[in-house]
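The values are calculated or read from the model by the stated rules, or taken from the named source; none is laboratory data. Keep in mind that this is a model prediction, so the values were computed, not measured. Here Cβ is always computed from backbone atoms with ideal geometry, including for glycine, and neighbour counts include all displayed protein chains. In case anyone asks, the SASA skips ligands and DNA or RNA and just uses the protein heavy atoms, side chains included. Shrake-Rupley method; radii C 1.70, N 1.55, O 1.52, S 1.80 Å.
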Amino acid sequence: MKIAKEPVLVSACLLGQPVRYDGQAKSYPHPLFTALSALNLLHSFCPECAGGLPTPRPPAEQQSDGRVITHRGIDVTEQFATGAKKALALCQAEHIKYAVLKANSPSCGNEQIYDGQFEGRLIAGQGVTAKLLTAHQIQVFNEHQLDELTKLLERQA
Ligand code: SF4
């Protein structure tokens, strides 16, 4: 695979790191990750960990007013915001224009998130980190859109 030498931010859980709220990973092997890694262009990052939350941690969902609340009612908005700001700072420091973030996460989801009621219903929307990166012109993909990003980077090579 011949791709442009563009650094890419990737959700740490997609790369096999056990950083999810339930202490698990969501490994998503893909040739693009292998190619980026070989070129030293892969930046693994977990915004919720960077925001100071432990692993494992209670599940949290974004509410309609933008706050992020755990299923037990604890407000973790500040930690989610801190993680998002740290993700943006890393992107700006490393000149990162593309990110691959885990679909549906309250931090990382780029198109859909859970509706805040903890009943497993997805709605259109972005997680806190995906939203901040998008607002700063960083193009956010999810793990189901890796072929799309691969083609884009191949065209730029
Ligand atoms: Fe994965 Fe993002 Fe959740 Fe961290 S915050 S575990 S990177 S989906």
When only DSSP loop residues count, what GluC sites (Glu not before Pro) in region 97-150 have their Cβ near at most 11 other Cβ atoms within 10 Å? GLU119
The chain accessible area per residue, 1.4 Å probe, protein heavy atoms, integer Å², reads 51 Å²
If you average 1/r over every pair of different alpha-carbon atoms in region 36-84 and take one over that average, what Kirkwood value in Å do you get? 12.0 Å
Report, to the nearest whole %, how much of the accessible area of region 8-156 belongs to carbon and sulfur atoms, 1.4 Å probe, protein only. 50 percent
For ASP65, the accessible surface traced by a 1.4 Å probe with all protein chains present amounts, in square angstrom to the nearest 10, to 100 Å²
Per the helix-only calculation at 222 nm, which mean residue ellipticity applies to the chain, given -39500 (n - 2.57) for every DSSP H run of n ≥ 4 and division by its residues, nearest 500 deg cm²/dmol? -9000 deg cm²/dmol
Under 4.7 Å Cβ to Cβ, no partner at all: give me those cysteines from the chain, in residue order. CYS13, CYS91, CYS108
Length gained if ALA93 through LEU122 is fully extended, taking 0.36 nm per residue and subtracting the Cα-Cα distance, is 7.1 nm
Quick one: divide the alpha-carbon radius of gyration of region 8-156 by 2.2 N^0.38 Å and tell me what you get. 0.99
Can you tally the lysine pairs in the chain where the Cα-Cα distance is under 26 Å and the two residues are eight or more apart, or on different chains? 27
Calculate, for ASN104 and ILE74, the FRET efficiency according to 1/(1 + (r/R0)^6) with r their C-beta to C-beta distance and R0 22 Å; round to the nearest 0.05. 0.60
